[in-house]
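Participant: Got a structure for you, written out below as structure tokens; questions coming shortly.
The values are calculated or read from the model by the stated rules, or taken from the named source; none is laboratory data. Every value quoted in this text rests on a predicted model; they were computed, and no experiment measured them. Cβ: placed from backbone, ideal geometry, glycine included. Neighbour counts: every protein chain shown. These area figures cover heavy atoms from the full protein model, side chains too; ligands, DNA and RNA do not enter into them. Shrake-Rupley method; radii C 1.70, N 1.55, O 1.52, S 1.80 Å.
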Amino acid sequence: MIEQDTIKLLRECDAGIKMGVASIDDVLQYVKGESLRKYLTECKREHEVLKEEVQVLLDKYHDDGKEPNPIAKGMSWMKTNMKLGMDMSDGTIADLMTDGCNMGVKSLNRYLNQYEAADEKSKDIAKRLINLEERLTIDIRQFL
């Protein structure tokens with residue numbers, strides 16, 4: 001049970017990290033202010049560090065990880081392009097990123113509760129990912 005919950009939690013972290021990086025990549029080219037660009041770039045870098053940790057653990061369990069849900073990814077892409085098509089401001093980008101981070105935090109907390117038998121190392125990665133997302137929402141509030 002521990003191993004199965006661990007793998008499932010790691011998969012969800014993997015998918016969440018990929019979704020976060022893709023979302024940042026989707027908006028980064030539209031960022032006007034250097035300060036917002038710095039926050040997003042740093043958050044992306046930290047996601048990539050966590051991605052490497054997750055990958056090492058998934059390799060240990062001989063698991064390929066998980067891609068983000070294609071429907072969720074497509075809807076995110078559509079929402080981003082629609083909102084930026086109407087208002088290509090840093091405020092819009094901060095709004096989009098805040099919504100995405102909040103959804104990620106909610107999902108990751110749900111998975112932490114669902115896969116409570118996961119090992120502590122995997123839980124720690126999930127909690128660090130949650131903290132990263134929460135910190136970004138706080139950092140970018142000034143742009144809303």
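Participant: Can you confirm whether the stretch 71-92 contains a residue that is under 29 Å from F143 (Cβ atoms) and in contact (Cβ under 8 Å) with a residue 60 or more places away in the chain?
Facilitator: Scanning the stretch 71-92 turns up no residue that is under 29 Å from F143 (Cβ atoms) and in contact (Cβ under 8 Å) with a residue 60 or more places away in the chain.
Participant: Select from the stretch 50-78 the residues that are more than 26 Å from D26 (Cα to Cα) and charged (D, E, K, R) and list them in ascending order. So that I can check it myself, show each step before the final result.
Facilitator: As a first pass, look at the stretch 50-78 and keep what is more than 26 Å from D26 (Cα to Cα): 56-63.
Within the stretch 50-78, D59, K60, D63 qualify.
Participant: Checking E134 against (1) in contact with a Leu (Cβ under 9 Å, 6 or more places away or on another chain); (2) open to solvent by less than 100 Å² (accessible area, probe 1.4 Å); (3) not polar (S, T, N, Q), only one condition comes out false. Which one?
Facilitator: Tallying (1) in contact with a Leu (Cβ under 9 Å, 6 or more places away or on another chain); (2) open to solvent by less than 100 Å² (accessible area, probe 1.4 Å); (3) not polar (S, T, N, Q), E134 fails exactly one: (1).
Participant: Moving to a separate point now. I'd like the full set of residues that are under 16 Å from the mean Cα position of the chain (by Cα) and either closer than 17 Å to L40 by Cα or open to solvent by less than 20 Å² (accessible area, probe 1.4 Å) (or both), limited to the stretch 106-131.
Facilitator: Passing the criteria: L108, S122, I125, A126, R128, L129, I130, N131.
Participant: A follow-up question, please. Considering each residue of the stretch 1-36, count those that are over 27 Å from A117 (Cα atoms) and either open to solvent by less than 40 Å² (accessible area, probe 1.4 Å) or out of contact with any Leu (no Cβ under 7 Å at 6 or more places or on another chain) (or both), and give that number.
Facilitator: Counting residues in the stretch 1-36 that are over 27 Å from A117 (Cα atoms) and either open to solvent by less than 40 Å² (accessible area, probe 1.4 Å) or out of contact with any Leu (no Cβ under 7 Å at 6 or more places or on another chain) (or both) gives 15.
Participant: Sort out which residues of the stretch 88-98 are of a type in the set (D, E, K, R) and open to solvent by 30 Å² or more (accessible area, probe 1.4 Å), and write them in order of number.
Facilitator: If the condition is that a residue be of a type in the set (D, E, K, R) and open to solvent by 30 Å² or more (accessible area, probe 1.4 Å), then D95 is the only one that fits.
Participant: Going residue by residue through the stretch 58-70, is there one that turns out to be of a type in the set (A, V, I, L, M) and over 18 Å from the mean Cα position of the chain (by Cα)?
Facilitator: Quick first cut of the stretch 58-70, residues of a type in the set (A, V, I, L, M) only: 58.
Remaining after also requiring over 18 Å from the mean Cα position of the chain (by Cα): none.
No: the stretch 58-70 contains no residue that is of a type in the set (A, V, I, L, M) and over 18 Å from the mean Cα position of the chain (by Cα).
Participant: Something else: How many residues does the stretch 56-87 contain that are in contact with a Leu (Cβ under 9 Å, 6 or more places away or on another chain), closer than 23 Å to T6 by Cα and open to solvent by less than 80 Å² (accessible area, probe 1.4 Å)?
Facilitator: 6
Participant: Kindly evaluate M103 against the criterion of being over 12 Å from the mean Cα position of the chain (by Cα) and open to solvent by 30 Å² or more (accessible area, probe 1.4 Å).
Facilitator: Taking the combined requirement at face value, the residue does not satisfy it.
Participant: Filter the stretch 115-130 down to the residues that are in contact with a helix residue (DSSP H, G or I) (Cβ under 9 Å, 6 or more places away or on another chain) and free of Cβ contacts under 8 Å to residues at least 40 places away in the same chain and list them by number.
Facilitator: The answer is K127, I130.
For every residue, the table says whether it meets (1) under 15 Å from S107 (Cβ atoms); (2) in contact with a Gly (Cβ under 8 Å, 6 or more places away or on another chain); (3) charged (D, E, K, R).
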residue	(1), (2), (3)
D5	no, no, yes
L10	yes, yes, no
M19	yes, yes, no
I24	no, no, no
E34	no, no, yes
R37	no, no, yes
L58	no, yes, no
D63	no, no, yes
P70	no, no, no
